[in-house]
Amino acid sequence: MLLEYKVKILEIIQRNYNVKSFRTEIPADFSFQAGQFISVTLCPDPQLKRYLSLSNAPTEKGYLEFTKKLTASDFSRRLDKLKVTDEVIIQGPWGKFILDASCPKVAFLSGGIGITPIRSICRFAADKNLEQDIILLYANRAVQDIVFRDDFSLLEERSRHFKIAHILCETEPGFICTVGRINSQIIKNEIPDYAQRKFYLCGPPQMVEAMRKILAEELLLMDEKIVTENFQGY
């Protein structure tokens, strides 16, 4: 039987104008792999429950962190009112969106809040000094929508094995990015050795399916080289 834990909020971090991270206590017997997710239930209403990826890495000790885009849903409205020392109920972890240690080169394609498990994986790889070569293509509407912008900039500075390319619908002066939407040509430009890589896709279901089709039908990658994770019901 899967255990559930009541944990206190330790810290709340505003990531951008509509995204917050919530750091909670980590139970002594709780362990997880980078990229996995948990369920979060807001006390005392058992109906206010969502499945959310952990955005911190197992190497970041002393807390669990989940990150949520705040919408008009009942869950988001209640979540947004939480304060430090309030309690939530968690269960998990689950999920197979986990880095394949046997692949020397991997690539991530992500959009919006789908970046949360990827942040966990990339931080874990950097902390463990893994030799895997990682390229991340991260799509957003505008600069203000980017989540974990500073975190990824620091990871790129820290590790010669990590590179991020921002893909935006609109940009601002001085910010380096590609304007447009992720397509086969952008993938070829940013990831010239794409045929040698395993791809991890995470974001809204429509985006994930579109990216999967590009990889399979236009770039002719085999199914075993594509791992997906869909984010439902923001």
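The values are calculated or read from the model by the stated rules, or taken from the named source; none is laboratory data. Just so we're clear, the structure is a prediction, and the values are computed from it rather than from any experiment. Using ideal geometry, Cβ is built from the backbone for each residue, glycine included, and neighbour counts are taken over all protein chains shown.
Take the residues in region 215-229 that are surrounded by 14 or more Cβ atoms within 10 Å (Cβ to Cβ) and out of contact with any Leu (no Cβ under 9 Å at 6 or more places or on another chain); name whichever of them is nearest to Gly35 (Cα to Cα).
Taking region 215-229 and keeping what is surrounded by 14 or more Cβ atoms within 10 Å (Cβ to Cβ), we get 215-216, 219, 221, 225-229.
The next check asks that each one be out of contact with any Leu (no Cβ under 9 Å at 6 or more places or on another chain); those that pass are 216, 219.
Numbers: Ala216: 23, Leu219: 25 Å.
Checking each candidate, the answer is Ala216.
Anything in region 203-229 that is under 18 Å from Ile98 (Cα atoms) and over 20 Å from the mean Cα position of the chain (by Cα)? List them, or say none. Result: Asp223, Glu224.
Residue by residue, here is whether (1) more than 21 Å from Leu52 (Cα to Cα); (2) hydrophobic (A, V, I, L, M, F, W, C); (3) touching a Lys or Arg at 6+ places or on another chain (Cβ under 9 Å) holds:
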residue	(1), (2), (3)
Phe124	no, yes, no
Ile135	yes, yes, yes
Ala142	yes, yes, no
Phe148	no, yes, yes
Leu154	yes, yes, no
Ile164	yes, yes, no
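For region 90-122, enumerate the residues that are of a type in the set (A, V, I, L, M) and under 14 Å from Ser55 (Cα atoms).
Step one: of region 90-122, the residues of a type in the set (A, V, I, L, M) are 90, 98-99, 101, 106-107, 109, 113, 115, 118, 121.
Result: Ile98, Ile113, Ile115, Ile118, Ile121.
Select from region 162-207 the residues that are of a type in the set (Gly, Ala, Ser), out of contact with any Cys (no Cβ under 9 Å at 6 or more places or on another chain) and farther than 26 Å from Ala125 by Cα and write down the one among them that is surrounded by the most Cβ atoms within 10 Å (Cβ to Cβ). Full working, then the answer.
To start, the set of residues in region 162-207 that are of a type in the set (Gly, Ala, Ser) comprises 165, 174, 180, 184, 195, 203.
Filter once more, so that each one left must be out of contact with any Cys (no Cβ under 9 Å at 6 or more places or on another chain): 174, 184, 195, 203.
Those left that are additionally farther than 26 Å from Ala125 by Cα: 174, 184.
Values: Gly174: 6, Ser184: 14.
Within region 162-207, the match that is surrounded by the most Cβ atoms within 10 Å (Cβ to Cβ) is Ser184.
Rundown of residues vs (1) farther than 26 Å from Pro104 by Cβ; (2) under 16 Å from the mean Cα position of the chain (by Cα), yes/no style:
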{"site": "Phe152", "(1), (2)": "no, yes"}
{"site": "Phe162", "(1), (2)": "no, yes"}
{"site": "Ala165", "(1), (2)": "no, yes"}
{"site": "Glu172", "(1), (2)": "yes, no"}
{"site": "Val179", "(1), (2)": "yes, no"}
{"site": "Glu190", "(1), (2)": "no, no"}
{"site": "Ala195", "(1), (2)": "no, no"}
{"site": "Leu201", "(1), (2)": "no, yes"}
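Residues that are farther than 19 Å from Arg158 by Cα, crowded, with 24+ Cβ neighbours inside 10 Å and small (Gly, Ala, Ser) within region 110-124 comprise Ser110, Gly111, Gly114, listed in sequence order. Of all residues in region 46-87, those that are buried (at least 22 other Cβ atoms within 10 Å of the Cβ) and of a type in the set (Phe, Trp, Tyr) total 1.
Residue pairs whose Cβ atoms lie under 8 Å apart, sitting 6 or more positions apart in sequence or on different chains, and linking a residue in region 101-117 that is under 16 Å from Tyr17 (Cα atoms) to a partner that is of a type in the set (D, E, K, R), are Gly112/Lys69; Gly112/Asp145; Ile113/Lys68; Ile113/Lys69. Region 52-143 holds strands (runs of 3 or more DSSP E) entirely within its bounds, and those carrying 2 or more residues that are farther than 22 Å from Thr24 by Cα map to 105-111, 133-140.
Only residues that are touching a residue at least 40 places away in the same chain (Cβ under 8 Å) and in contact with a strand residue (DSSP E or B) (Cβ under 7 Å, 6 or more places away or on another chain): list them for region 14-29, please.
Passing the criteria: Arg15, Asn18, Val19, Lys20, Ser21, Phe22, Arg23, Thr24.
The single condition among (1) under 30 Å from Asn129 (Cβ atoms); (2) of a type in the set (D, E, K, R); (3) at pLDDT 95 or above that Asp80 does not satisfy is (1).
If you go through region 67-93 and keep only what is acidic (Asp, Glu) and touching a residue at least 40 places away in the same chain (Cβ under 8 Å), you end up with Asp80, Asp86, Glu87.
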